[in-house]
Each structure stands twice: as structure tokens, then as C-alpha cells.
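Student: Just passing along the structure, written as C-alpha cells.
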Amino acid sequence: MEFPRLIEPNVKNYLYDTLQKCHQQKDVLYGWVFNIGLFVIIVVVLVVVLYFCRKRKLTPYEQHIKMTREQDYILSKIRQYQTDRRNQPIQNHHNSTSSITNLPTIQENI
């Protein structure tokens, strides 16, 4: 017993070829969308990274202010050291100590 065929063989081949072409076009379209989307994401990440790197960089005025603060800090430490050194009582050579480490100094007689 032979089963009835609802479509002719030529129509079946035509529909199969048409569906294959649609599938290929869909694959090409998905490939383009994926590539363009990935490119956009990479560009956005790159722009954000460059923006934050530039934003974190100090302006010339801010650099000047920072340098001035550092110089003031160093000068204040030097003044403090000099003041501490002046206020220390005069010590004997045998009992003299280094003012920074409070270690005794050794004087060699040659």
C-alpha cells in the first residue's frame, strides 16, 4: 500500500532550497549583529577607560598645589628637626647620641 503524497517532489525541493537560503541569510545577519555589537562594546569600554585615566590626571594648577603642599611638609619637618636639635642640651662626647635614632655615636681617636 502506497501512502498519499501531499506535495509534489519539485515543490518539496524548492521549499528545501528556500529554507536553506533563509537559514544562510539568518546566519550572516546574526554574524554581523554579533560583530558590530562586540565592536561597540569594546569601543565603549575603551572610551570609558581613557576617560577615567584622563579624569584622574591632575591639571597643571592641581600639580602646582600638590607640589607646594609637599614642599611645605618637607620644610616643616626640617624646621621641626632644627628646633628639636636646638632645644637639646649640650651633651658630653661620650654620651652623645644620634638625634634621629637615639643610638650612641662612636668617636674614634686616630
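The values are calculated or read from the model by the stated rules, or taken from the named source; none is laboratory data. Just so it is clear, the structure is predicted and the values come from calculations on it, not from any experiment. All Cβ positions, even for glycine, are placed from backbone atoms using ideal geometry, and neighbour counts span all protein chains on display.
Student: Would you say residue 41 is of a type in the set (A, V, I, L, M) and modelled with pLDDT under 95?
Tutor: no
Student: Quick one: in segment 1-36, of everything that is among the charged types (D, E, K, R) and part of a loop (DSSP other than H, G, I, E, B), which residue is modelled with the highest pLDDT?
Tutor: Going through the qualifying residues, I end up with 8.
Student: Test residue 6 against the stated conditions and say whether it is surrounded by 10 or more Cβ atoms within 10 Å (Cβ to Cβ) and not small (Gly, Ala, Ser).
Tutor: Against the criterion (surrounded by 10 or more Cβ atoms within 10 Å (Cβ to Cβ) and not small (Gly, Ala, Ser)), residue 6 does not qualify.
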